[in-house]
1. In segment 542-559, whose amide N lies under 14 Å from the spot 7 Å out along Cα-to-Cβ of GLU726? List them in ranges.
2. Heavy atoms only, 1.4 Å probe, whole protein assembly: order ASP140, ASP282, ASP771 by accessible area, highest first.
3. Run the numbers for SER286 and ASP522: contour at 0.36 nm per residue of separation, minus the present Cα-Cα distance, in nm.
4. Starting from the Cα of ILE459, move 7 Å in the Cα-to-Cβ direction to define the label point; list residues of segment 482-498 whose amide nitrogen is under 18 Å from there.
5. Go ahead and run the numbers for FRET between GLU382 and ASP182, Cβ-Cβ distance against an R0 of 30 Å, rounding to 0.05.
6. Going by a ≥ b ≥ c, the root eigenvalues of the Cα gyration tensor, does segment 678-731 fall in the rounded group (a/c under 1.5), the prolate group (a/b larger than b/c) or the oblate group?
7. Please label the shape of segment 870-948 as rounded, prolate or oblate, based on the square roots a ≥ b ≥ c of the eigenvalues of the alpha-carbon gyration tensor (a/c under 1.5 means rounded; beyond that, a/b larger than b/c means prolate, else oblate).
8. Got a number for carbon plus sulfur as a percent of segment 693-737's accessible area, 1.4 Å probe?
Amino acid sequence: MRTDSDQADKDYTRGTEEILRCLIEHYDKTLRHLPTSPLNDWIQARLDDVYIPPCMLLMEKYKGSFKKTNTHVTEYKAVLNNQTFIQGEAGSGKTSFLAKLVMDWCSITKTQQTSEPLMAKETHYAAPETRTRNSTFFDDLTTLKGYQFVFYITLRNSVKQLEVLEMIKEQIIDEIYSSKEDRERAYRLVNDIIKNERCLVLLDGLDEWKRPGDRQHLPTLVAIYTQCDLVITTRPWKLAEAKIPDSKIKTLLLLEGVHEPFDVSLRILRCRNDCTNSNGVDNKHSEFEAYVLRNNLRDLLASPMLITLIVQTWAEGTELKGKRCQIYSILLESLFKKANSEEDHFYETPFQCFKGTQYIKPNIEHLNRFSEAAFHLLFSEERENYLVFGIEQLKQYKLNERKDFAMRAGILSAARKASTLRSSSSFSFVHKSVQEFLAAYYIACYSHVIDEVISVYLINHENSYLDISEVLIFLCGLDISAANKLSILMNKAACECLVSLERFQDIILKGYMEAVANEYDDVRLELSHFFIDSQNIKDLHNIWARNIPTVRCVTLELEDDCIDCYTELESECIKNYTKLESDYIESDTELEDDCIERKTELERDCIEIPTEVEDDCTESPTQDMQSSIASSKIASRIEFDLTSCDKLKEIYINGESFEVLIKDSISLNASTFPNWIVLHCEDSSPVLSCLTRIELKRVTVCSTWMQKLFNTQLTLDHEVNFKLHECIIIPSVGDELSPFSDASITTCVNNTFDICDLSGECPGLWETLFDLNIKTLSLFTDSMWRVNYTSSLSQSLLSLKQLETLSIHVDAIPHDLWSVLYSLSLKRVAVSLSGEFKGLIIGHADMLSQLNFPAHVFDSIYIDVTSHPDLLAAMHGLNITSLSLFCSGESLTANQTALLLTMLKSLKKLYQVSIDVKNDSRGLWEALHGIHIQCLNIGLQCRCFKVNHVASLLTSLSSLEQLEMIRLYVINDIDVVSEILHSLKIKSLSLVQKSSIYFGRLDCSFIFHAPNSLNERSIIITLYFDFDKLEVTLQSLFQLFSSLEVLCFMEVFPVS
């Protein structure tokens, strides 16, 4: 038994060593070399000679989605983490990165010299003297040494497979071994290897793989393979479409092409036969750099695939002008030339990108048939054949008779199906992007397929609008009318799915730029969700102008440094302008025209940085460019028209430094405010009737615009939330700088208007309420916030003719506002002060019906100290426990005093009276004489009340036989406190509660044993002081207590 076990171990070791050796040889043959020309797969170079490490960034989860970070990934150990996804656009270098990873693993793993790779294709090597030093990025090869085996899988070749193990068998084992017996033995051994050894599986092209069935969204490894790590590459849209749970994404990386694209172009040139020495390569590369900058091709160099195309076409004498469709037209022309070198020109070019081509017209029938197949395969319901297909599909689309031409040209590529019993081949277009360009060409020729085919495809395949993004971008350069039509369908699908909306915006932006590059005017690409930042605002502003009726959501996020973005651009323009001016002076005759043209372009760009300028700000640009650039930001204002945004539901704006202004047509001249971005509405009604939510941070808003918006919201059948954070609200009158406003405003059905979390105010805020059709108004504020702009609030409250119910929750109410609240003819006015006092304002007898509310709704009743006799009579004998007297007491007549005293004595359950009048009088204190209360509050809610008639107060105090507590707010001195304490004939004093400083007040509670008549009783007096007068108040208190000549003990404990 022991011998059998030893033999099994030896067989396993020998078998794994054999597979390892064969695997390394397999990779050495298939991955060590890369094509250096998209036009000719047979021209290849060593991977090490042309490879440049990619620009790879870590993505982190943020608010339910993954966002790009600034963390660069430069080591394999950051990539390999159980299950890692690498996303990147087509041609961004995903496959090259995996190939380099595999070859690095081979170099660190192999233990014996492998055979030289087969030279079946023409391989170009960089001359030794022209080779560049290898990068230090991803040089931690010891990380790869931890994997005994690495299995590289191309998912497009396994669209019918679900199990990763089956893919390994089909793509690797069947390629290594030819006999059935060897394959079966290797199958069993690979299963044991993945089960027992630490392995790395690389799955390349998830976006090119279609799951068999509807359940699984990823190729699967059974749970027993616990030592196996996965790295999966894909285009970004696939992660959203596949709905992969976050728990399965251990690490998500974003591949954005290469760090230094000109390093890649230099390496490619070094591998060409016509670049044999270092000086010649450097000179040629300098010419290439100048060509790229001259033709605005720099943005295209992020993609390694396009880098190779641009370099090779330029090296062969063909110049590109920065249009994606033009680049792929040249690619097609070069492919056609290899199969048919007949030349002919278009006399009337069907598409702009075909202008000047020589080999497309003679092969137009081939192009039409290839494009028809490309379209129908791409939009096929049989998703397993949409990229890789067989001879049946060639026959179906009548390509079988054109197969030889396609293979010679390189438009189609073929691969042997090694695992089948019969010899057969699978076919695919040379690159998915080529198939997408051909499909776009077919749509441009036969636009009816948008309604007949694509509309059905978008309905049947969820989130498929992302899958066809490249088709739309190409179509924008071929036929803008068809692209506009297709964008409507795609935008509708995006709005229904609500997935990857920012990604869809990127698609529309790229399509817009392609259309502009091809000189189309009527660009009407549809977009409903706008995510605007400092980088894309100019292009999105142009797209917005054609999408006003369809806009549903606007998010405007300005970074801290975005305000300077135009300034930086302007400075760069100045520098380039100056340099070109110098170049022009020093240039020879041959360069004169080019310099003049570029100089004129830069002058225009620098002066016309503004996208749109208000009529009242428009001025003819001066000849002095420096002064033009130094002009106010008003000259570079960008305006977004909200007038006809009938479908707009959500607005989110973060203006950072108040660079955003929202106004209407009757607002004060916006040019007086140095805002960079302006959102405006014309004088139309209703305003944004579909709006459900708006959030503004550090934004300048005109009160008249807000007033119109609220006026519309109060007529709607749904709730609307409006949040302000550190915003400036400009009133219609006056131009003084207003303080920040923070508030959460909600309008509800039945004309309900709530203002919550109010921690700042300005006249403009209250002005927005003026003359609105509000029936129920609630004002909830920060617990320590007070009404400061009483006049503005009062005017707005008096203008609310339909108002029935008012609730105010503030720290304190000024006397002027008390008068206004009392004068309102409403059904109900409720107040809550300092979070402690809440009650109802009773202005007339009809309002007494409010007392039928449950007791917990209010604590006190507020009445004017000079209330009408009818109200005082109606209150006679009611079950009121707490009563507050406000407004002015100095005008109280003797008759009013008598009526008030009679009413107070009739309230048998009255426990507490609060005096919060503007000014006192003798009559006020006489009205309290002999009433049956236990608590008397003086000046707690108005905070500006001062006792002037102390003698009358003391007389009434002595008559309050049931009084147990006095709470007094001290303003400037403690003379009143001294008079009260002396008049009560204090016997002893002691501290009953630790003093505490909080929210700007000092609470001190004491027990005074005072003989009153023949009885001795306790009275608790609580004194309230302003925090900024604390030190003076404490000194005065100690002097007072010393003068009383009684036992005194006092402590003060600050509370943070």
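1. Output list for this probe position: 558-559.
2. So the residues, ranked largest to smallest area, are ASP771, ASP282, ASP140.
3. Answer, rounded to one decimal: 81.1 nm.
4. 486-497
5. Between GLU382 and ASP182 the formula returns 0.35.
6. Numbers: a/c = 2.11, a/b = 1.31, b/c = 1.61.
Taking the square roots of the gyration eigenvalues as a ≥ b ≥ c, segment 678-731 is oblate.
7. Details: a/c = 1.84, a/b = 1.28, b/c = 1.44.
Since a/c reaches 1.5 but b/c is at least a/b, the shape of segment 870-948 is classed as oblate.
8. Ligands and nucleic acids excluded, carbon and sulfur reach 45 percent.
The values are calculated or read from the model by the stated rules, or taken from the named source; none is laboratory data. No experiment lies behind these values; they were computed from the predicted model shown. Neighbour counts are summed over all protein chains in view; Cβ atoms, including those assigned to glycine, are modelled from backbone coordinates with ideal geometry. With ligands, DNA and RNA removed, areas are computed over all heavy atoms of the protein, side chains included. Shrake-Rupley method; radii C 1.70, N 1.55, O 1.52, S 1.80 Å.
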